[in-house]
Amino acid sequence: MTEKKRSVSHATFVLERRYKAKPERVYRALSEPGAKAQWFTPPETWGKDEQTMDFRIGGVETSVGGPIGGPVHAFRAVYQDIVPNERIVYSYFMTLDDVRISVSVSTFELTADGDHTKLKMTEMGAYLDGFDDGGRLREEGTNVLLDNLGRFVEGDWE
């Protein structure tokens, strides 16, 4: 029997956006389950995710789905800090099937900029047992989600 080689790599990335929407609208899109379900979506080739969201400090959010016939991707977050219209901090882990692949802390900071909002998203991740070369895949996926968020809050959502 061969033992699996264990490893952990760490990465931090910071993404910034400027949306043509007030911070209150962006915050609602991040915090209200019905709104978030419209932009926090899987790729078109996947089936529909199962999502739950209890948006409060200590509350849990989950998203479970994946490609048809492929591994099940699961996201489970716990909200650690919430300042309405200004900041959201949560910790989360992800699994593929039943294998934990990462543990992260994410912070969303919202700042008014005239009739726009500056969003700064920082993620610090621990990627487990060879998954995700330095957080590259997670950063790419998060960029797609933040673009979706922008289209949603700016009213250009199909």
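Okay, helix-only estimate at 222 nm for the chain: each DSSP H run of n ≥ 4 adds -39500 (n - 2.57), divide by all residues, round to 500 deg cm²/dmol; what do you get? Calculated from helices alone, the mean residue ellipticity at 222 nm is -6500 deg cm²/dmol. Taking every C-alpha pair closer than 8 Å and separated by at least 6 residues, the mean separation divided by the residue count of the chain gives a relative contact order of 30 percent. Other residues whose C-beta falls under 12 angstrom from the C-beta of V72 contribute a net charge of -4, scoring Lys and Arg +1 and Asp and Glu -1. About the centre of its Cα atoms, the chain shows a dipole size close to 240 debye [charges on the beta carbon of Lys, Arg (+1) and Asp, Glu (-1) only; nearest 20 debye]. With a Förster radius of 25 Å applied to the beta-carbon distance between A37 and T142, the computed FRET efficiency rounds to 0.90. A crude spin-label estimate for the pair E86 and V103, with each label 7 Å from Cα along the Cβ direction, gives 3.0 nm. Just tell me which lysines come within less than 16 Å, Cα to Cα, of K5; anything on the same chain fewer than 8 places away is out. Those lysines meeting the cut-off do not exist here. Restriction of the GluC sites (Glu not before Pro) in the stretch 1-80 to DSSP coil positions whose beta-carbon has at most 15 other beta-carbons within 10 angstrom yields E3, E44. Between the stretch 112-146 and the stretch 1-76, what is the separation of their alpha carbon centroids in Å? The stretch 112-146 and the stretch 1-76 have Cα centres spaced 11 Å from each other. The length gained on full extension between Q51 and K5, counted as 0.36 nm times the residue separation minus their Cα-Cα distance, comes to 13.3 nm. Under 13 Å from the Cα of K20, which aspartates and glutamates turn up, not counting those fewer than eight places away in the same chain? Hits, sequence-local ones excluded: D113, D115, D147, E154, D156. For the chain, modelled as a Gaussian network with Cα springs under 10 Å, which listed residue fluctuates most, I68, I82, I57? In the Gaussian network model the winner is I68. Within the set (i) 1.02; (ii) 1.07; (iii) 0.93, the number that Cα Rg over 2.2 N^0.38 Å takes when calculated for this structure is listed as (ii).
Just so you know, all these numbers are worked out from the coordinates, no wet-lab data involved. Only a predicted model underlies this, so the values are computations on that prediction, with no experimental measurement involved. Backbone-built Cβ (ideal geometry, glycine too); neighbour counts: all protein chains shown.
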